[in-house]
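Written below as C-alpha cells is the structure these notes are about.
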Amino acid sequence: MGYSKILVDDPLPHVHRITMNRPEKRNPLSNELRAELFDALETADRNPDVRVTIIRGAGSCFSAGYDLSSNVAKDQPFYTPGGLGNWPRHVVEGFFRMWDMAKPIIAQVHGYCLAGGTELATACDLVYVAEDALIGYPVVRSISPPDNQFYPWIVGLRRAMELMLTGDHMTGLEAVDSGFANRAFSEAELESEVLKIAERVAMTPSDLQQINKRAVHRQMDAMGIRAALRAGTEMQQLATYTATTQAHLAELREGLNKALSKRDAAYGDYRTSNKDED
C-alpha cells in the first residue's frame with residue numbers, strides 16, 4: 001500500500017516508526033490517515049524483523065484530534081456495523097485492535113495531543129511525552145464525552161472527573177504524574193530518548209514479548225475494561241442528542257475555526273491562548 005498521509009521508516013534494528021504527516025493541519029485523524037496507520041501497524045505486526053513500533057507526529061504536534069472537516073462515517077479503515085453509535089464503536093474497536101497486536105507500540109507525543117489524539121496515544125502500550133506537551137479532550141465542552149472512555153482507567157477517578165468536567169489539558173509533566181504517560185523529556189531530547197527505550201524493548205524476542213504484553217492486558221480485561229469502554233460508546237452517542245451538542249454541530253457546519261474558537265474563548269485556552277489548535 002502506498003502512503004500519502006504517513007511516513008514509515010526503520011530507525012534502528014527491529015524498530016519500526018510511523019510518522020503522521022499532515023503537519024500543516026496538525027495531523028488530524030481523517031479516515032484516510034487512520035486507514036494508512038492501521039495498515040502500517042498490521043504490516044509491522046506481521047513482519048518478523050519488527051519487534052516494536054513508534055507512532056509520532058510531524059511538525060508542531062502529535063495530533064490535534066479527528067478531522068472535523070471530513071465525514072467520519074465514510075470510508076472507515078475497517079468495518080464496524082452501522083446505526084446509532086457507529087463512530088464511537090468504531091473508535092473503540094480500533095483501540096482494541098492495537099491492544100491485541102503482538103508487538104508493542106510506543107506513542108511519542110509532543111505539542112498538542114487532543115481529543116482523538118489522546119485516544120490514539122492511550123491505545124499504545126507505552127507513552128512518552130515532551131514536558132510541555134498539551135494533552136486534553138476539549139470536546140467535552142461542546143459535544144460529548146470521549147468516544148473511548150479511557151480517562152477513569154488511565155488516570156483514576158478524581159483526575160478523570162476534573163478533566164471531563166473542564167475539558168482542560170495536562171502538560172507532559174502532569175500527564176506522567178497522573179499515569180497517562182510513562183515519562184516526560186524535553187522536546188529536544190524526546191526522539192533520542194524514545195529510540196533508546198524502543199531499542200531496549202526490541203531486545204526481547206517477539207515470541208516472548210507478545211505474551212508479556214498480553215499478560216498486562218488480560219489483567220485489565222479481568223477488571224472489565226472491554227465491557228466498560230464498549231458501554232461508554234452508548235453514553236457518547238446519547239450526548240450528541242443534547243441541545244448543546246446540536247447547536248455546536250450547527251456552528252461547526254457554518255465554520256470550523258469560528259466554532260472551536262467560540263467553544264474555548266471563555267476558558268482562555270487551546271486556540272484562544274497563545275498557541276492555537278486545529
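For region 6-272, what's the relative contact order in percent, using C-alpha pairs closer than 8 Å and at least 6 residues apart?
Computed over region 6-272, the figure is 18 percent.
Under 1.5 on a/c is rounded, so check that first for region 147-278, then, if it is not, pick prolate when a/b is larger than b/c and oblate when it is not; a ≥ b ≥ c are the square roots of the alpha carbon gyration tensor eigenvalues.
Cα axes put region 147-278 in the oblate bin.
Which listed residue (PRO23, SER70, ALA133) has the Cα farthest towards the positive end of the charge dipole for the chain, taking +1 on Lys and Arg C-beta and -1 on Asp and Glu C-beta about the Cα centre?
SER70
Which one of ARG26, ARG46, ARG89 has the biggest mean-square fluctuation once the chain is modelled by GNM with Cα springs under 10 Å?
ARG46
When the helices in the chain are scored as -39500 (n - 2.57) per DSSP H run of 4 or longer and the sum is shared across all residues, what 222 nm value do you end up with, to the nearest 500 deg cm²/dmol?
The per-residue figure over the chain is -14500 deg cm²/dmol.
What's the center-to-center distance, using Cα atoms, between region 139-174 and region 207-278 in Å?
Result: 8 Å between the Cα centres.
What does the charge count around PRO77 come to, taking other residues whose C-beta lies under 9 Å from its C-beta (Lys +1, Arg +1, Asp -1, Glu -1)?
Cβ neighbours under 9 Å give a net charge of -3.
How big is the dipole moment of the chain about its Cα centre under a simple scheme where the beta carbon of each Lys and Arg is +1, that of each Asp and Glu is -1, and everything else is neutral? Debye, nearest 20, please.
It works out to roughly 540 debye.
By the gyration tensor of its Cα atoms, with a ≥ b ≥ c the square roots of the eigenvalues, what is the shape of region 1-159: rounded for a/c under 1.5, prolate for a/b over b/c, or oblate?
Taking the square roots of the gyration eigenvalues as a ≥ b ≥ c, region 1-159 is rounded.
Taking the highest mean first, how do the peptides 135-143, 75-83 order by number of other beta carbon atoms within 10 angstrom per residue?
135-143, 75-83
Using the Cβ atoms and a cut-off under 13 Å, what net charge is assigned to the surroundings of HIS248, where Lys and Arg are +1 and Asp and Glu are -1?
Around HIS248, the charge tally is +2.
Taking +1 at the Cβ of each Lys and Arg and -1 at the Cβ of each Asp and Glu, which of PRO13, HIS90, HIS169 sits farthest along the dipole of the chain towards its positive end, judged by Cα position relative to the Cα centre?
Of the candidates, HIS90 comes out farthest on the positive side.
How would you rank MET220, MET98, going from fewest to most other Cβ atoms within 10 Å of each one's own Cβ?
By the 10 Å Cβ count, ascending: MET220, MET98.
Using alpha carbons only, how many degrees (0 to 90, rounded to 10) separate the axis of helix 187-201 from the longest principal axis of the chain?
50
Net charge around PRO48, counting only other residues with Cβ within less than 12 Å of its Cβ (Lys, Arg = +1; Asp, Glu = -1)?
That works out to 0.
Rounded if a/c is under 1.5, else prolate if a/b beats b/c, else oblate: with a ≥ b ≥ c from the C-alpha gyration tensor eigenvalues square-rooted, which is region 6-272?
Prolate shape, in that a/c is at least 1.5 and a/b is the bigger ratio.
Sort 255-261, 14-20 for me by packing, meaning the mean count of neighbouring Cβ atoms within 10 Å per residue, highest on top.
By packing density, highest mean first, the sequence is 14-20, 255-261.
Read-outs throughout are calculated quantities, based only on the coordinates presented, and are distinct from any laboratory measurement. From a predicted model like this one, the values you see are computed outputs, not experimental measurements. When we count neighbours, we look across all protein chains shown, and the Cβ atoms used for this are built from the backbone with ideal geometry, even at glycine.
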